[in-house]
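Participant: The structure is given below, and queries will be raised subsequently.
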Amino acid sequence: MKFICLVYAEPGALSGLSPEERRALDRDSLAYDQELQAHGQFLAASALQGVNTASTIRVRGGGVLIGDGPFAETKEVLCGFIFIEAADIEEAKRIAAGIPMARHGTIEVRPELDFG
């Protein structure tokens, strides 16, 4: 099964990290991706630019509404994702718990919808 691990954090959550702590987080994140890849569980991952670059698109009543920024009802914002392969939701949760950004934010785990 395929799962998306959505990485959420409050804007500026990493700004308090020292340069060495930031390098360690980046190093740990890349190493974890490589570990998952070695086990055949890594499909894709990416970090996102800041929320100031985001746009929200809605189509209502035949019209397109475009807004600046994310408008989720949360303090945390989506800042990246990891797409993984796991046997089941329990394994996906264990993998998500190992994502280094879980120490600084929240990881949402959701199975892929198979239109099959």
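Participant: What's the number of the only condition in (1) assigned to a strand (DSSP E or B); (2) among the basic types (K, R); (3) over 14 Å from the mean Cα position of the chain (by Cα) that R94 fails to meet?
Facilitator: (1)
Participant: Restricting to the range 71-116, give me the number of residues that are open to solvent by less than 40 Å² (accessible area, probe 1.4 Å), of a type outside the set (A, V, I, L, M, F, W, C) and modelled with pLDDT of 90 or more.
Facilitator: Selection size over the range 71-116: 3.
Participant: Related question: Being in contact (Cβ under 8 Å) with a residue 24 or more places away in the chain, under 17 Å from the mean Cα position of the chain (by Cα) and open to solvent by less than 80 Å² (accessible area, probe 1.4 Å) narrows it down to one residue among A31, A13; which is it?
Facilitator: Within the list A31, A13, the selection yields A13.
Participant: Among the candidates L65, L48, single out the residue that is touching a strand residue (DSSP E or B) at 6+ places or on another chain (Cβ under 8 Å), open to solvent by 60 Å² or more (accessible area, probe 1.4 Å) and closer than 19 Å to Y32 by Cβ.
Facilitator: Exactly one of L65, L48 is touching a strand residue (DSSP E or B) at 6+ places or on another chain (Cβ under 8 Å), open to solvent by 60 Å² or more (accessible area, probe 1.4 Å) and closer than 19 Å to Y32 by Cβ, namely L48.
The values are calculated or read from the model by the stated rules, or taken from the named source; none is laboratory data. Because the structure is predicted, anything quoted here is derived from the model rather than measured. In this analysis, Cβ positions are derived from the backbone assuming ideal geometry, glycine residues included, and neighbour counts consider all displayed protein chains. SASA here: full protein model, heavy atoms, side chains in, ligands and nucleic acids out. Shrake-Rupley method; radii C 1.70, N 1.55, O 1.52, S 1.80 Å.
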